[in-house]
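The values are calculated or read from the model by the stated rules, or taken from the named source; none is laboratory data. None of these values were measured; they are calculated from a predicted model. Don't worry about glycine lacking a Cβ; one is built from the backbone with ideal geometry, like all the others, and counts go over all protein chains shown. To get the accessible areas, we keep the full protein, side chains included, count just its heavy atoms, and leave off ligands, DNA and RNA. Shrake-Rupley method; radii C 1.70, N 1.55, O 1.52, S 1.80 Å.
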Amino acid sequence: MAFDPVLSSGIILAYLVVTLGIGIAGWRISPSKNMEDYLLADRAVHWFVGFFSTIASQFSALTLMGFVAFYFKFGISTFIAITGAYILFTSGTYYFIGPKVWKIGRKFGHITPSDTVREYYDSPLFGYIVAVGMILALIAYLEVQLMGVGILLKLGSGGVIPVTAGAAAITVVIAIYTWLGGMKSVAWVDTVQGVMLLGGAVIGGFVLLFTIGGGFGPAFSQIASQKPALLQVPGPAGVWNWVFIATFAIPVFLGWVYHPHMWMRLHYFKSGRAVENLPWVSGGIFWLTQIGGLAVVLTGALIIPDAPPDQFILLMFRNYFPTVAFALVASAALAAIMSSASSQCHGIGAVAARDVTEQIWPEWEESKHLMVARVTMLIGLLGAFFLSTLGIPFLVTSGAAAAAISTALIFPQVIAAVYGWEWPTREGAVAAGALGLITSLVFLLGWVSSPFGVWPGFWGLVVNVVAFVVVSSVTNSHPEKSTINEWQEAMQDSTVALDREHRENVVVSSDD
Amino acid sequence: MTDNARLGLDVVWLVIAVLYLGPLAPMLANVNLSFGNVSFFAAWAVVIGPLLAIVVFGVNSYLRIKEDRTRTGQAASTGGD
């Protein structure tokens, strides 16, 4: 179909204005009163907004463009390594620890991942190591989002909107609403964007599959006869064998929840029952969006086999949809990018204020810490914008690395804390986290090549687990019995009782 | 939710993980069945495996929320909530 770049650009720009309006409305209706309000929307987020904000924060440039690029290039192996692994490990993390983390956070006022490990292992040092590692991981991840903006504007506006100027405008819009409204504005905007993304991916994908591809059966048959490697392991390139799939999937999708912006979303729900429902809701919505993406691959893998992988889905939509429908899908992709970027820069601000300045200068007035959160959020966003102008060849690289770094830094330590294990020690937690971080960076930056056909980001997790066990077995600073007991007792409380107790404490402290 | 129910669901999750991308995954890749035009392996990787895991999570959520309601009710009846 004929593509009208001016009309498409107009729709994308109108979408940006609407987004800014929603973000500002979120701030105007209820301006942030304090740190907890700015970072967690006062722990009072409604389940519907909570679900869509959580999901939209995870669905990023990777979801529509990056992951679909992998299915297009490497086939069903990567659907297993990404979609299946997300459901098993990311939704699985919500299943195993989500409600426990919500209860501990409600009882003891936790916000970031550092809060959890710092308190359990009584180690400010470990809190700082985790904070620094998480900021590094988040900036790399944020940069991926802004690179996605470049690709999207190039295709979405047909060159009418200059890429750098467009990406700068989007950065400014994100900065304004995140600065003003914090979590409230971010969550409101995320909700609209999450709904748009889900609709765009699922409806767009299935419309293409049934109008152009002839439906699931015929599309599968054609791929099976003409490009059979796409439906087999290890896929056309021969890279994605079972060892590679498992060693990619485990660290990347276990780590997704430990990013500060995702961890904070475990704490912001008003109702603990919403957190109980998060595993199947997050898994179900992710599966639906990726089935939409796979539908586009089944339709288009034989039509435009030489398309650049990370532009494939947008090219399919642009070639076969009327301009208005394409622009709406492009806006949905932009929505995915903006919702992740705003959540990530907000997460960077949260870590800087909560895990650094509040720990070093607890005597500061709260307004000062709040300013630190806002300024660091802005610095992180602008830093990622400038990094994105340098360019990286493949969209998924930094996002996967960021998640693997989180896993290598903190995974076994958090599990031990949430399950109340007594055997780990402070020295074990700190040494393992630091070694895991260093190992991850060494392998992911390519300074050492990964042996045995294993994905490089896997080694950080291996080193962390081994060091955690070995160092803990020869040292003695175990977690306090009182801390373990208090945490385990909190997990036995009903969610309603915990929320009520939290609200009463907030009222008492404001009266003071 | 009893400890046995929780353990049972955890075991089902583990079995799905092992079959989906663990050591037993290659075995399923070699199953020679099909659903119409779609091979068993493609159906398992794209639809059956992921949906089974989602169902496990759904059952778990249902049981835990039911248990939470019971706890809230007990606390209220003893004056604790």
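When the alpha carbon coordinates of chain B are projected onto the principal axes, the ranges are 61, 25, 13 Å, largest first. The string of couplings for the range B:10-20 from the Karplus curve (6.51, -1.76, 1.60, θ = phi - 60°) is 4, 5, 4, 4, 4, 4, 4, 4, 5, 6, 7 Hz, one whole number per residue in order, with x for Gly and Pro. Rg over Rh for the range A:94-154 works out to 1.17, using Cα positions for both radii and the Kirkwood form for Rh.
Take the Cα coordinates of the range A:179-281, assign each an equal point scatterer, and use the Debye formula without solvent to give log10 I(q)/I(0) at q = 0.18, 0.25 Å⁻¹. The Debye formula, applied to the Cα set alone, gives -1.08, -1.24.
Placing +1 on the Cβ of every Lys and Arg and -1 on the Cβ of every Asp and Glu, with nothing else charged, gives the protein assembly as shown a dipole about its Cα centre of roughly 1160 debye. For the range A:427-512, applying the loop criterion from DSSP together with a ceiling of 16 other beta carbons within 10 Å to the GluC sites (Glu not before Pro) yields A:Glu480. Using the Cβ-Cβ distance between A:Ile415 and A:Leu125 with R0 set to 22 Å, the FRET efficiency from 1/(1 + (r/R0)^6) comes to roughly 0.65.
Quick check for you: which residues of the range A:280-299 have the amide N under 18 Å from the point 7 Å beyond the Cα of B:Lys66 toward its beta carbon? Answer for the range A:280-299: A:280. Close amide H contacts of B:Ser34 (hydrogens built in the peptide plane, cut-off under 5 Å, sequence separation of 5 or more or a different chain): B:Phe40. Spin-label model, A:Val469/A:Leu136: points 7 Å from Cα along the beta carbon direction are separated by 2.5 nm.
Measuring max minus min along each principal axis, the C-alpha atoms of the range A:405-506 give extents of 54, 29, 21 Å (largest first).
A:Ile174 sits among other residues whose Cβ lies under 14 Å from its own Cβ, and their net charge, with Lys and Arg +1 and Asp and Glu -1, is -1.
In what sequence, largest accessible area first, do A:Leu370, A:Leu302, A:Leu209 appear using a 1.4 Å probe? Walk me through the numbers before you get to the answer.
On the way: A:Leu370 20, A:Leu302 50, A:Leu209 0 Å².
Result of the area sort, largest leading: A:Leu302, A:Leu370, A:Leu209.
Over the range A:76-228, with a single point scatterer placed on each C-alpha, what log10 of the ratio I(q)/I(0) does the Debye formula yield at q = 0.09 1/Å? Ignoring solvent entirely, the Cα scatterers give -0.53. The contact residues of the range A:212-261, meaning those that lose at least 20 Å² of 1.4 Å-probe accessible area when all protein chains sit together rather than their chain alone, are A:Gly217, A:Phe220, A:Ser221, A:Leu231, A:Trp242, A:Ala246.
In units of 2.2 N^0.38 Å, what is the alpha-carbon radius of gyration of the range A:62-119?
1.59
Of the residues A:Gln413, A:Ala401, A:Ser449, the one whose Cα sits farthest towards the positive end of the charge dipole of the range A:339-480 is A:Ser449 (charges of +1 on Lys and Arg Cβ, -1 on Asp and Glu Cβ, taken about the Cα centre).
Suppose a student asked you for the relative contact order of chain A, using Cα pairs under 8 Å spaced at least 6 residues apart; what percent would you report? Each step should come with its number before you reach the end.
On the way: 886 pairs, mean separation 153.3, N = 512.
That works out to 30 percent.
Gyration tensor analysis over the Cα atoms of the protein assembly as shown returns equivalent ellipsoid semi-axes of 36, 29, 23 Å (largest first, whole Å). Each listed q (0.18, 0.20, 0.25, 0.31 Å⁻¹) maps to a log10 I(q)/I(0) for the range A:205-246, found by the Debye formula over equal Cα scatterers with no solvent: -0.61, -0.68, -0.79, -0.92.
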